[in-house]
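K.L.:
Before I ask anything, here is the structure I am working with.
The values are calculated or read from the model by the stated rules, or taken from the named source; none is laboratory data. Just so it is clear, the structure is predicted and the values come from calculations on it, not from any experiment. For neighbour counting, all protein chains shown are included, and Cβ atoms are generated from backbone atoms with ideal geometry for every residue, glycine included.
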Amino acid sequence: MMNEIIHVEIPRVFERLKEPARYKLYYGGRGGGKSWAFAQALILISLEKPIRVLCSREFQQSIKESVYQLLVDTIQKFGKSHLFKITDNEINGINGSNFFFKGMARNLSSMKSLEGVDIVWVEEAQSISQKSIEFLIPTIRKKNSELWFSWNPDEPTDAIERLKDSLLNSVEEKSIIQKITWRDNPWFPDVLNSERIRCRKDSPSQYQHIWEGDFVTYGYFFEIERLLEDKKPLKIPEYISSVYITMDTTMKGGIDKDGTAVCFWGVDLYENPNLLYFLDWDLVEFEGSMIIDWVPEVLRLGEEWSRKTKALNGFLDMYVEDKAAGTIVIQDSIRKQYKVRAIDSKLTSLGKDRRCLLISDVIQNRQVKIVETAFYKVKMFRNASANHLIRQLTSFQLSDKAADKRQDDLLDAFAYGVALGLKDAIVDV
């Protein structure tokens, strides 16, 4: 039964995936079909012989962030569900093949016994750390074992780019290294092609990176038009499922130091699960002790937004950066049993550029929408009356040498909010 013939058409650029090679690196822009090709190749191999496959990435909070569903869909597409036992966190073939899923950043200490792994597939390899690569290579040491990497390039200094360059200059181990673009996908869908053409027209600065697989170019990053609908902000949504808040607190405190920013978010997991509403924002100059006094008012506004939007699950929590004044806010809030949580350190430690790169695809795909209250809001801050959210978003640049001279507290709170709402599984109620 496992040897039944399956007729599968694989684009020519992926035909070498079945060749033996220690390293297989496929990289490039959106729409090239890298993930689908990897999934198909691995399922086909697992049907031919029993293999053990680790599907990994640097950060994986839950199984939903892995390639688990992609593999399940591939099995169903092949009509081979009867040959696999699919559990909540593993996929097992009746011939002994096994697929399991782990994020590396959190699990290195518990991933010591991987000698029996035949293939590792690292998805979104642009995010893998040098530490993880240095752990992975000697740990996966079974005879004829392979390391597969797929990614959309970010910067030439990324750890995966250094590995790629070293393999290109090495003759000691066989490696297959292939750049992929949308042109290599014979089934490139019309809907994606429309997105590609629009991006080339509206966002030429990002087009080469997103669609052609080039490195990020340094220019102004966020385009406000992506947050609008027909060049206008949305009305306040009448019904959503939940509301949450993100807070970026001052690092130093006091007048003329960092500001403290809050952003209010709405999630609709039922009607529009891939859409995040940006409801409102605020920006203040407070000392640490004054921020603590301000927290109840911010939480009250969160509850008020849940009533305005008839949020089915109400107000969830306020997520606070666990640094400097934020640590004090979290500790005090826990003591007072407020709805406050710390933002995961894996997200806060990424750095501003990395966080903005993390959320860039959902902004590009228009999955974040700003409502009228946030778009038309003007507030006095540092003797300037403006919409400071729009000002900070539109002035952000990658690798900005003058970043320390810019106000970016709202930018940080915004990036945290988008990452938590669309890049994480925390808003899962």
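K.L.:
Run down Gly351, Gly314 and say which single residue is over 21 Å from Phe286 (Cβ atoms), surrounded by fewer than 20 Cβ atoms within 10 Å (Cβ to Cβ) and in contact with a helix residue (DSSP H, G or I) (Cβ under 7 Å, 6 or more places away or on another chain).
P.N.:
Gly314
K.L.:
Right, something else. Checking the conditions here, which among Gln407, Gln331 is in contact with a His (Cβ under 9 Å, 6 or more places away or on another chain) and surrounded by fewer than 18 Cβ atoms within 10 Å (Cβ to Cβ)? Show your work before the answer.
P.N.:
Values: Gln331 fails: in contact with a His (Cβ under 9 Å, 6 or more places away or on another chain).
Matching residue, one of Gln407, Gln331: Gln407.
K.L.:
Give the residues of segment 267-291 that are within 24 Å of Asp322 (Cβ to Cβ) and either in contact (Cβ under 8 Å) with a residue 60 or more places away in the chain or in contact with a Phe, Trp or Tyr (Cβ under 9 Å, 6 or more places away or on another chain) (or both), sorted by residue number.
P.N.:
Answer for segment 267-291, where residues must be within 24 Å of Asp322 (Cβ to Cβ) and either in contact (Cβ under 8 Å) with a residue 60 or more places away in the chain or in contact with a Phe, Trp or Tyr (Cβ under 9 Å, 6 or more places away or on another chain) (or both): Val267, Leu276, Phe278, Leu279, Asp280, Trp281, Asp282, Leu283, Val284, Glu285, Phe286.
K.L.:
Something else about it: Name the pairs whose Cβ atoms lie under 8 Å apart, with the first residue in segment 239-260 and assigned by TED's automatic domain parsing to the domain that holds Gly351, the second exposed (fewer than 14 other Cβ atoms within 10 Å of the Cβ) and modelled with pLDDT of 95 or more, and 6 or more positions between them or separate chains?
P.N.:
Listed by first residue and then by second, the contacts come to Tyr239/Lys310; Ile240/Lys310.
K.L.:
Test of understanding: among Val191, Val216, which residue is part of a loop (DSSP other than H, G, I, E, B), of a type in the set (A, V, I, L, M, F, W, C) and closer than 24 Å to Ser150 by Cβ?
P.N.:
On the way: Val191 fails: part of a loop (DSSP other than H, G, I, E, B).
Residue meeting the stated conditions: Val216.
K.L.:
Ok, one more. Pick from Leu410, Leu398, Leu389, Leu393: which is modelled with pLDDT under 80, under 23 Å from the mean Cα position of the chain (by Cα) and more than 26 Å from Leu312 (Cβ to Cβ)?
P.N.:
Leu398
K.L.:
Among the residues of segment 154-182, count how many are in contact (Cβ under 8 Å) with a residue 60 or more places away in the chain, more than 24 Å from Ile359 (Cα to Cα) and assigned to a helix (DSSP H, G or I).
P.N.:
Residues in segment 154-182 being in contact (Cβ under 8 Å) with a residue 60 or more places away in the chain, more than 24 Å from Ile359 (Cα to Cα) and assigned to a helix (DSSP H, G or I): 3 in total.
K.L.:
Quick one: is Ser166 within 24 Å of the chain's Cα centre (by Cα), hydroxyl-bearing (Ser, Thr, Tyr) and modelled with pLDDT of 90 or more? Steps first, please.
P.N.:
On the way: within 24 Å of the chain's Cα centre (by Cα): no; hydroxyl-bearing (Ser, Thr, Tyr): yes; modelled with pLDDT of 90 or more: yes.
Judged against the criteria, Ser166 is not a match.
K.L.:
Follow-up question, since we're still on this one. Among the numbered criteria (1) touching a helix residue (DSSP H, G or I) at 6+ places or on another chain (Cβ under 9 Å); (2) loosely packed, with under 14 Cβ neighbours inside 10 Å, which single criterion is violated by Glu321?
P.N.:
(2)
K.L.:
Follow-up. Can you pull out every residue in segment 62-84 that is of a type in the set (Lys, Arg) and within 29 Å of the chain's Cα centre (by Cα)?
P.N.:
Of segment 62-84, the ones of a type in the set (Lys, Arg) are 64, 77, 80.
Matches in segment 62-84: Lys64, Lys77.
K.L.:
If I ask for residues that are out of contact with any strand residue (DSSP E or B) (no Cβ under 9 Å at 6 or more places or on another chain) and not basic (Lys, Arg), which ones from segment 162-183 would you list?
P.N.:
So the first thing to find is which residues in segment 162-183 are out of contact with any strand residue (DSSP E or B) (no Cβ under 9 Å at 6 or more places or on another chain), and the list is 162, 165-166, 169-172, 183.
Answer for segment 162-183, where residues must be out of contact with any strand residue (DSSP E or B) (no Cβ under 9 Å at 6 or more places or on another chain) and not basic (Lys, Arg): Asp165, Ser166, Asn169, Ser170, Val171, Glu172.
K.L.:
Follow-up question, since we're still on this one. Could you check segment 40-63 and list, in sequence order, the residues that are buried (at least 23 other Cβ atoms within 10 Å of the Cβ) and small (Gly, Ala, Ser)?
P.N.:
Scanning segment 40-63 gives Ser46, Ser56.
K.L.:
From Phe375, Phe381, which residue is touching a residue at least 24 places away in the same chain (Cβ under 8 Å), under 19 Å from Trp294 (Cβ atoms) and buried (at least 17 other Cβ atoms within 10 Å of the Cβ)?
P.N.:
None of the others qualify; the one that does is Phe381.
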